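One structure below.
Rule-based calculations on the coordinates, nothing more; no lab input. These figures come from a predicted structure and were not determined experimentally. Cβ: placed from backbone, ideal geometry, glycine included. Neighbour counts: every protein chain shown.
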Amino acid sequence: QVQLVESGGGLVQPGGSLRLSCAASGSIFSITAMGWYRRAPGRQRDLVAAITSGGLTNYADSVKGRFTISRDNAKNTVYLQMNSLKPEDTAVYYCNAEVQSKPFAVFSNYWGQGTQVTVSS
C-alpha cells in the first residue's frame, strides 16, 4: 500500500503565502505524475497543479503566476508554494500521485487525506 501525507495548511491573511508538502511512502517503485487538487465548499474537486517525474508542470488558470509546484523525486515528495493568496483559494487541498509499486506493475492512483487552507482577514 501507499500513503500520502500532506502538511502545511492553515489560516493566512489575503496576500500571504503558504507552502504545502506531500510525502509518499509505502510500496513504491516509481511515481509518474504528482499533483494538488482542491475542493472549496459546495464545489467539486478541481486540479490546482500537477508535475511529471521529469518536471513538466500544468496549472489551473486561476493560480498561474501565484502558485508553484515542485517535487523531490529522491524523497517522493511534492510541494506547492502558494503566494498572493486570495479568499477564493480557501479549500481543502488534496495531494494525488500515480504510483507503480513494483516493476512492470500497473500504475495506481492515490490520494492524501487533505489539508485545510483558509485565506481570511
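At an R0 of 30 angstrom, the distance between the Cβ atoms of Thr118 and Thr57 translates into a FRET efficiency of 0.75.
Take each peptide in 87-97, 15-25, 48-58, count the other Cβ atoms within 10 Å of every residue, and average; sorted highest first, the result is 87-97, 15-25, 48-58.
Straight-line cross-link partners of Lys86 among the aspartates and glutamates, defined as a Cα under 19 Å from its Cα and at least 8 positions apart when in the same chain: Asp46, Asp61. Here is the list for segment 60-121: trypsin sites (Lys or Arg not before Pro) lying in DSSP coil, each with at most 12 other C-beta atoms within 10 angstrom of its C-beta, are Lys64. Between Gln13 and Asn73, the simple spin-label model (points 7 angstrom out along Cα→Cβ) gives 4.1 nm. Residue-wise HN-Hα couplings along segment 57-70, as the Karplus relation 6.51 cos²θ - 1.76 cosθ + 1.60 with θ = phi - 60° gives them from phi, are 10, 9, 10, 5, 4, 5, 10, 4, x, 10, 10, 9, 9, 8 Hz; Gly and Pro carry x.
Full extension of the chain between Glu88 and Arg43 gives 15.0 nm of extra length, using 0.36 nm per residue less the Cα-Cα distance. Where both bridge residues fall in the chain, DSSP classifies roughly 95% of the beta bridges as antiparallel. Treating cross-link reach as a plain straight distance, find the lysines whose alpha-carbon is under 23 Å from the alpha-carbon of Lys102, omitting any fewer than eight places away in the same chain. Correct list for Lys102: Lys75.
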